[in-house]
Amino acid sequence: DEWAAAKTLVKPPDQLELTEAELKEEFTRILTANNPHAPQNIIRYSFKERAYKPISYVDQMAIHFSLNGNMILKDSDEGRRQSIRLSTAAEKASVETSAVTSEEAEIKDEESTGDTQAAGEEEAEGSGTAEVAEAAEAEEPPPLRVKEQKLANQFNFIERASRTLNNPMRERACQSEPTPCKNFSATANQWEIYDAYVEELQKMERSKEKEKSKAQIAKREEEKKKGRKLTSLESQSDDITKISKAAKIMERMVNQNTFDDIAQDFKYFEDASDEYRDQQGTLLPLWKFQYDKTKRLAVTAISWNPKYKDLFAVGYGSYDFMKQGQGMLLLYTMKNPSFPEYVFSSESGIMCLDFHYDHPYLVAVGFYDGNVAIYNLKKATSQPSYKSSAKSGKHTEPVWQVKWQKDDMDNNLNFFSVSSDGRIVSWTLIKNELVHTDVIKLSVAGTTMQGPEGLQLQTLGCGTSFDFHKKIDYLFLVGTEEGKIYKCSKCYSSQFLDVFEAHHMAVDSVSWNPYHLKVFISCSSDWTVKIWDHTIKTPMFVYDLNSAVGDVAWSPYSSTVFAAVTTDGKAHVFDLSINKYEALCTQLVVAKKKNKITHIQFNPVYPVVIIGDERGHITSLKLSPNLRRMPKEKKGQEVKKGPEVEIAKLDKLLNLVREPESKA
């Protein structure tokens with residue numbers, strides 16, 4: 001029955017009757033240790049930030065009750081003493097209880113009185129009461145207590161959690177005493193103001209007298225000061241140059257980190273998929289060079305520096321004669337693609353430029369207005385060091401190309417220019433002035449016009465491009481707007497050595513092969529690229545690229561590799577020794593419809609080409625291994641390299657073309 005009674009559910013009479021959903025609903029109480037009475041707006045002066053700042057950490061502890069205890073450590077001297085005292089008191093109590101049991105019947109009253117007295121003494125002494133009580137309980141077993149049944153509170157669900165205290169950040173500061181202030185007051189009367197003016201006048205008179213007496217000394221001192229100022233300015237400029245050099249190095253390091261993946265591709269990446277492309281190649285885009293002020297200008301000329309192989313110059317202008325404005329000359333390095341190294345602006349658009357081979361700091365430039373100029377990169381001026389003028393015989397039409405030549409007999413710097421006015425002019429730098437000499441005038445045969453009073457006026461051809469022979473100094477080629485190419489000599493100013501009926505439209509570029517002495521290449525707006533032997537009137541190879549060809553360039557590493565760019569935004573790379581009929585690579589470089597590619601140049605050392613467009617952007621691209629394939633090693637034979645091998649390679653191709661003609 002007792003077991004069954006324990007299992008019955010006891011309900012208090014005032015218990016609420018709840019539904020199942022209400023019973024399952026949880027009521028959470030979150031206890032926080034924050035003190036509601038703690039101040040939240042304590043402000044202290046921060047010496048670090050020099051301002052009054054609110055303190056983020058406030059002590060939240062509130063003490064509700066504190067009691068000094070009388071507990072003693074067991075291992076301490078006082079604890080040992082108390083434990084010994086308690087043990088002796090317990091022994092005495094056990095002896096007394098044994099005596100009481102033998103004489104229990106006789107002296108019950110005495111025992112009770114003795115117990116009370118003993119209890120009173122022990123309370124006074126403060127020791128041994130517990131042991132006596134234990135002994136008494138051992139004698140008389142206490143009556144059994146019925147355990148009270150605890151009612152479980154079904155609704156009291158408590159989830160306990162504790163949070164660790166985050167140590168606050170500490171800030172140490174010391175506060176100095178405020179600076180002492182003094183009040184000053186004075187009155188300004190009329191006579192005080194008068195006295196002050198009189199004193200000032202007297203001082204001025206004294207200073208004038210001193211200046212008169214020491215005029216000569218002052219002059220000497222001024223001269224000394226001027227000298228000091230100059231030296232200080234020089235030292236300042238030296239400091240600025242030191243800082244600028246360090247800043248430039250830092251800028252290059254930052255750019256190298258920013259474009260690290262491109263730098264790695266430039267240095268190490270070789271396209272492994274070329275092995276499966278059947279001799280086809282690709283161009284891998286690297287850095288893109290652009291400058292805010294050249295967004296509306298077209299790239300009109302590109303030239304690599306002959307000494308610093310990562311440096312190249314870019315000329316900016318416009319090919320649209322209706323939209324002519326200012327021009328710019330920028331020099332970029334592949335080490336810093338984000339900003340140009342040098343910036344020069346000009347009133348007229350730049351149409352061509354060329355670096356001097358022996359003096360790589362000199363840049364010859366031709367302008368749209370017919371002027372030519374020389375920029376010296378060593379000088380910190382934004383203007384050209386030397387420039388032609390109307391008096392010194394400038395061209396009357398745009399200058400389309402300039403080329404440095406060997407110095408003349410007196411070691412004066414010398415370069416040539418070609419223009420639409422039909423003149424090829426030699427410019428010589430004599431006593432810091434550009435002196436011109438007309439080398440040849442491009443007279444077109446059979447185009448004489450009848451002028452007033454029976455004069456015979458001959459129309460001149462419009463020169464658009466030219467190139468000088470690499471070995472034969474006097475020999476050069478001139479491309480014209482009519483599509484003809486003239487073979488000329490510096491020695492003959494009135495006659496041409498030969499005329500090639502090359503193209504149906506303007507010749508955009510003409511260039512001698514860097515290895516073979518007889519071969520040159522030309523491109524035109526009539527969509528064609530032609531390779532010529534200057535001893536034969538007909539072209540050796542003709543390639544139709546389905547769009548106007550803006551520029552063509554021979555590669556510096558092979559006599560049979562050349563690249564061309566067309567106005568539809570494509571770059572074409574050919575290798576005649578691998579494929580005589582079509583390009584190994586035809587790749588879209590510029591995607592925008594309104595944009596056109598204008599120029600291309602091979603780097604003289606690295607397998608990189610740079611391409612310029614009409615939006616003022618320069619794109620650098622890396623040639624894949626198939627586009628720069630060198631002759632393979634044969635078993636037991638060494639690979640021959642050098643100009644002779646390249647000449648023989650191109651001769652072999654030319655003989656294949658010439659053979660049918662000779663047989664016929």
Cα-based equivalent ellipsoid, region 279-629: semi-axes from gyration tensor eigenvalues, Å: 29, 26, 19
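How much length would be gained if the chain were fully extended between Thr97 and Tyr268, taking 0.36 nm per residue of separation minus their Cα-Cα distance, in nm to one decimal? Walk me through the numbers before you get to the answer.
Values: separation 171, 0.36 × 171 = 61.56 nm, distance 10.37 nm.
Answer, rounded to one decimal: 51.2 nm.
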Contact order normalised by residue count of region 21-75, Cα under 8 Å, 6+ apart, percent: 28 percent
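Just order 409-422, 253-266 by mean Cβ neighbour count inside 10 Å, highest at the front, would you? Before the final figure, lay out each step's value.
Details: 409-422: 18.9, 253-266: 14.3.
Result, highest mean Cβ count within 10 Å first: 409-422, 253-266.
I need the peptides 520-529, 578-587, 72-81, 317-326 ranked by packing, meaning the mean over residues of other C-beta atoms within 10 angstrom, with the highest value on top. Intermediate values should be presented prior to the final figure.
Numbers: 520-529: 22.5, 578-587: 15.7, 72-81: 10.5, 317-326: 13.9.
Answer by packing, highest mean first, reads 520-529, 578-587, 317-326, 72-81.
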Packing rank of 464-470, 602-608, where each peptide gets the mean count of other beta carbons within 10 Å, highest leading: 464-470, 602-608
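Holding the Cα-Cα limit at 26 Å, pick out from Lys471/Lys537; Lys245/Lys431; Lys394/Lys518; Lys248/Lys470; Lys403/Lys487 the pairs that are longer than that.
Values: Lys471/Lys537 21 Å; Lys245/Lys431 33 Å; Lys394/Lys518 33 Å; Lys248/Lys470 37 Å; Lys403/Lys487 16 Å.
Table pairs above 26 Å Cα-Cα are Lys245/Lys431; Lys394/Lys518; Lys248/Lys470.
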Relative contact order %, region 279-629, counting alpha carbon pairs below 8 Å whose residues are six or more apart: 15 percent
Cut-off 13 Å between beta-carbons: net charge of the residues surrounding Val425, Lys and Arg +1, Asp and Glu -1: +2
Nearest-10 value in Å² for the accessible area of Glu25, using the 1.4 Å probe: 110 Å²
Where labels lie 7 Å past Cα in the beta-carbon direction, separation of Ser76 and Val645 in nm: 9.9 nm
Exposure of Arg615 as accessible area (Å², to 10), given a probe of 1.4 Å and all protein chains: 80 Å²
Subset of Lys267/Lys622; Lys323/Lys596; Lys293/Lys387; Lys580/Lys649 violating a 18 Å alpha-carbon distance limit: Lys293/Lys387
Under 11 Å, Cβ to Cβ, from His436 - net charge with Lys/Arg +1 and Asp/Glu -1: +1
Heavy atoms of Ile193: accessible area, 1.4 Å probe, square angstrom to 10: 90 Å²
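Quick check: with the 1.4 Å probe, what order do Leu477, Leu377 take by accessible area, largest first?
Numbers: Leu477 0, Leu377 20 Å².
Accessible-area ranking of Leu477, Leu377, largest first: Leu377, Leu477.
From largest accessible area down, sort Trp532, Trp400; use a 1.4 Å probe on the protein chains. Please report the intermediate quantities before stating the final value.
Values: Trp532 0, Trp400 60 Å².
Highest to lowest solvent-accessible surface, that is Trp400, Trp532.
Order Met61, Met351 by their accessible area, 1.4 angstrom probe, all chains in place, largest first. Before the final figure, lay out each step's value.
Values: Met61 140, Met351 5 Å².
The ordering from most to least exposed comes out as Met61, Met351.
The values are calculated or read from the model by the stated rules, or taken from the named source; none is laboratory data. Since the structure is predicted, the reported quantities are computational estimates derived from the model, not experimental observations. Heads up, the Cβs are rebuilt from the backbone with ideal geometry, glycines too, and the neighbour counts pull from every protein chain shown. These accessible areas exclude ligands, DNA and RNA; they are computed on the full protein's heavy atoms, side chains included. Shrake-Rupley method; radii C 1.70, N 1.55, O 1.52, S 1.80 Å.
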